[in-house]
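Okay, so here's the structure we're looking at.
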Amino acid sequence: MTMPARSCPADFSPLRRAGLNLHAVFDAAWLPVPLATELQRDFAPAHEVRQLILIGNAGRALWSSVKAARLASDDPIDDFSVGAVAQWFAEQLPGHRYTLLYPGDKPVGLQALGQLAGWHHATPFRVGILPGWGSWFAYRAALLADTALPPTAPLQVESPCLSCAARPCIAACPAQAMAGGRFALEACVDYRRLPDSRCAHACVARDACPVGREHRYDEEHMRHSYGASLRAIERYFPA
């Protein structure tokens, strides 16, 4: 298959300085066919699609940037990330176009993209884990673009869960959501809704994982993120 000539690599350092320090570039032609077909159908970009660009954050730096921006927003992380990516794209890739997949109103298989990038490894508590950072990373933006950047080689790292015999996350879960060998979503949801839940604004099981502990989000960031997920529970899992 003939591929377009590569442009010069974009400089991702402005995104890194903003705390958006995870980046992956995929050629659209090499995405799994069902995924590529689904994205083209659901988002119908009004431009040529050559690549998918995935951007995330790992560690605490993004929240510091979000706080410094002082956005009057119900979702300052998403709004800050979208703005930072838009500015970066305009400065680094003038003349090119993109369609924002995430964040948005339509579902996107972020974990599947994370697996393609080598970022996402499954954990018993259903949050992805990345060696070095632990579970303290997240997906912040995904775009379909007409760019011709050098594609990113997937990270070749083994899941730290494979060598974890103690599995402290399972024992720590106050809902015992993993006690049966599989994650019991209903048990997790029911426990989080309790008035005295220890998981209202954090995940006790996630906190018990020792991997990347030094990168744990600060308390304000945790309360923001888990508050949003608790509101989603109330919306999608009515009592």
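Assorted remarks:
- Condition check for Ile77: touching a residue at least 40 places away in the same chain (Cβ under 8 Å), outside any strand (DSSP E or B) and within 23 Å of Gly212 (Cβ to Cβ): yes
- Among the residues of region 71-95, those that are farther than 21 Å from Glu220 by Cα and loosely packed, with under 13 Cβ neighbours inside 10 Å comprise Ala90, Glu91, Pro94, Gly95.
- When restricted to residues that are open to solvent by 60 Å² or more (accessible area, probe 1.4 Å) and of a type in the set (A, V, I, L, M), region 229-239 contains 1.
- Residue tally, condition of a type in the set (A, V, I, L, M) and under 20 Å from Ala36 (Cα atoms), over region 127-172: 8
- Matching option when the condition is touching a Phe, Trp or Tyr at 6+ places or on another chain (Cβ under 8 Å), assigned to a loop (DSSP other than H, G, I, E, B) and under 25 Å from Gly109 (Cβ atoms), among Leu149, Leu155, Leu144: Leu155
- Qualifying residue in region 19-41 (condition: modelled with pLDDT under 95, surrounded by fewer than 20 Cβ atoms within 10 Å (Cβ to Cβ), closer than 27 Å to Trp133 by Cα and acidic (Asp, Glu)): no
- Test result for Ala44, open to solvent by 50 Å² or more (accessible area, probe 1.4 Å), of a type in the set (A, V, I, L, M) and within 18 Å of Cys161 (Cα to Cα): no
- Every residue from region 196-228 that is in a helix (DSSP H, G or I) and surrounded by fewer than 16 Cβ atoms within 10 Å (Cβ to Cβ): Arg213, Glu214, Glu219, Glu220, Arg223, Gly227, Ala228
- Whichever residue in region 146-179 is buried (at least 20 other Cβ atoms within 10 Å of the Cβ) and out of contact with any helix residue (DSSP H, G or I) (no Cβ under 8 Å at 6 or more places or on another chain) and, among such residues, is nearest to Phe26 (Cα to Cα): Leu149
- When region 197-216 is limited to residues that are over 22 Å from Ser163 (Cβ atoms) and among the aliphatic types (A, V, I, L, M), the one that is modelled with the lowest pLDDT turns out to be Ala200.
- Being of a type in the set (D, E, K, R) and over 17 Å from Ile55 (Cα atoms) holds for only one residue in Arg140, Arg182, and it is Arg182.
- Residues (of a type outside the set (A, V, I, L, M, F, W, C) and outside any loop (DSSP other than H, G, I, E, B)) located in region 158-194: Pro160, Ser163, Pro168, Glu186, Asp190, Tyr191, Arg192
- Region 131-142 - residue that is over 15 Å from Cys169 (Cα atoms) and at pLDDT 95 or above and, of those, most open to solvent (accessible area, probe 1.4 Å): Trp133
- Hits in region 178-211 - residues which are among the small types (Gly, Ala, Ser) and over 26 Å from Ser159 (Cα atoms): Ser197, Ala200
- Test for Ser197: is it of a type in the set (S, T, N, Q) and more than 19 Å from the chain's Cα centre (by Cα): yes
The values are calculated or read from the model by the stated rules, or taken from the named source; none is laboratory data. For clarity, every value in this text was computed on a predicted model and none was experimentally measured. Reconstructed Cβ throughout: ideal geometry from the backbone, glycine too, with neighbour counts over all protein chains shown. We work out accessible area using only protein heavy atoms, side chains counted, and drop any ligands, DNA or RNA first. Shrake-Rupley method; radii C 1.70, N 1.55, O 1.52, S 1.80 Å.
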